[in-house]
């Protein structure tokens with residue numbers, strides 16, 4: 001914090017109106033505001049205000065429809081990026097913000113929008129970003145272009161916040177860039193409004209059967225097909241899939257329902273293919289016994305779903321690449337960790353859960369992974385002055 005600055009002022013940018021990233025932004029922005037930071041959240045018009053939010057909401061980013069076909073998705077994504085980042089750069093200049101935090105790192109088409117950001121950085125604006133996915137292995141276009149985009153999107157940043165120690169691949173040396181580890185706090189949702197047995201009855205689920213929950217956007221990287229196949233080996237278990245299809249580039253719910261029929265487990269699968277309102281989340285997690293967090297080997301992040309499960313004291317079955325998810329599941333005993341992308345490993349993990357359920361250290365996790373600690377670290381780094389300047393080129 002600079003001398004004489006009684007209440008630091010921060011512009012927080014996030015284009016996500018809903019979903020896990022929007023939940024993260026809300027929790028972090030609130031934690032920063034409760035530490036005395038004046039937080040203005042520039043975000044989507046779809047971002048909803050909640051009672052108790054401590055930040056100032058600026059829902060000024062227009063939602064741009066991506067259409068239904070894959071052909072129309074990319075042009076719409078380009079329009080969204082150019083529009084949203086253009087609005088951010090103009091706002092920083094017009095209202096003289098000196099500290100800006102991006103709710104996520106995004107490299108797509110970066111050479112076309114980062115020029116004004118570097119200019120502002122050279123004038124003293126401090127840019128930070130929360131790096132949810134530190135391994136940028138999703139390539140759009142030629143590899144040389146992908147690498148150029150990554151370097152461009154890092155070029156103006158001074159602070160990057162990650163959830164596990166990692167050496168970021170910035171493509172070219174960036175001595176001005178500081179990488180700092182922050183904890184991922186548990187998400188808070190309203191408590192369950194319906195008892196476990198009653199809610200199971202409302203969903204048509206047996207009162208005593210083991211119930212697995214797959215929660216959040218339905219996308220290929222969650223290995224839902226392997227979970228369905230594993231259900232064959234556990235004839236007493238039921239699976240609840242709650243969340244929306246993510247995009248036209250991913251397998252649809254129809255694919256998974258057809259697979260369940262093919263495997264003969266369709267009568268033990270419940271599909272809630274829609275947006276799950278915050279008021280419903282507690283009921284779903286209270287009704288289940290095990291949360292499926294079975295990402296593929298390309299997953300190198302923290303898991304928002306895990307941090308909902310922690311809030312409701314529900315163990316998980318988890319998989320993925322080297323990540324914060326793997327570290328916290330193992331360190332705090334939050335569930336069973338298995339090798340990713342293998343049906344046999346998943347089945348073996350489920351049998352281990354049945355035979356010897358883990359004893360999670362919920363309170364220790366909550367104490368060491370709080371939003372307050374996250375915000376303290378972010379505040380101290382964003383408003384620090386002992387840093388390298390952003391280079392002129």
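Taken together, the values in this text are just the output of simple stated rules run on the coordinates, not laboratory data. Predicted model only: the values in this text are computed from it and were never measured. Note that each Cβ is placed from the backbone with ideal geometry, even for glycine, and that neighbours are counted across all protein chains shown.
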Grab the beta carbon distance between residue 339 and residue 203, set R0 = 30 Å, and tell me the FRET efficiency rounded to 0.05.
0.45
Quick shape check on region 184-290: root eigenvalues a ≥ b ≥ c of the Cα gyration tensor, a/c under 1.5 is rounded, otherwise prolate if a/b tops b/c, else oblate, and it reads oblate
All alpha-carbon distances of region 130-175, grouped into 5 Å bins from 0, give the whole-percent distribution 5, 20, 32, 26, 13, 4
Specify the inter-centroid distance of region 28-46 and region 228-248, based on alpha-carbon positions, in whole Å.
36 Å
Helix 371-382 sits off the longest principal axis of the Cα atoms of the chain, rounded to the nearest 10 on a 0 to 90 degree scale, by 20 degrees
Rounded to two decimals, what is the ratio between the C-alpha radius of gyration of region 312-385 and 2.2 N^0.38 Å?
1.40
If you take the square roots of the eigenvalues of the alpha-carbon gyration tensor of region 228-294 and sort them as a ≥ b ≥ c, do you get rounded (a/c under 1.5), prolate (a/b over b/c) or oblate?
oblate
Can you give the angle from 0 to 90° between the axis of helix 253-263 and the longest principal axis of the chain, with both taken from C-alpha atoms, to the nearest 10?
30 degrees
Taking the C-alpha atoms of region 196-368, how large are the radius of gyration and the largest Cα-Cα span, Dmax, in Å?
15.0, 45
Where is the GNM fluctuation largest for the chain (alpha-carbon springs, 10 angstrom cutoff): 41, 203, 32?
203
Can you give the helix-only mean residue ellipticity at 222 nm for the chain, where every DSSP H stretch with n ≥ 4 adds -39500 (n - 2.57) and the sum goes over all residues, rounded to the nearest 500 deg cm²/dmol?
-11500 deg cm²/dmol
Using per-residue counts of other Cβ atoms within 10 Å, averaged over each peptide, order 13-26, 316-329, 371-384, 136-149 from highest down.
316-329, 13-26, 371-384, 136-149
Cα-projected label distance for residue 172 with residue 331, points at 7 Å along beta-carbon direction, nm:
3.5 nm
For the chain, longest principal axis from Cα atoms; helix 278-287 axis from its Cα atoms; angle between them, nearest 10 degrees, is 40 degrees
Dividing the mean separation of Cα pairs under 8 Å (6+ apart) by the residue count of the chain yields a relative contact order in percent of 16 percent
Quote to one decimal, in nm, the extra length available between residue 46 and residue 359 on full extension: 0.36 nm per residue of separation minus the C-alpha distance between them.
108.8 nm
Please tell me the relative contact order of region 196-368 in percent, rounded to the nearest whole number, where contacts are Cα pairs under 8 Å and at least six residues apart.
21 percent
Order of 302-308, 354-360, 238-244 by packing, highest average Cβ count within 10 Å first?
302-308, 238-244, 354-360
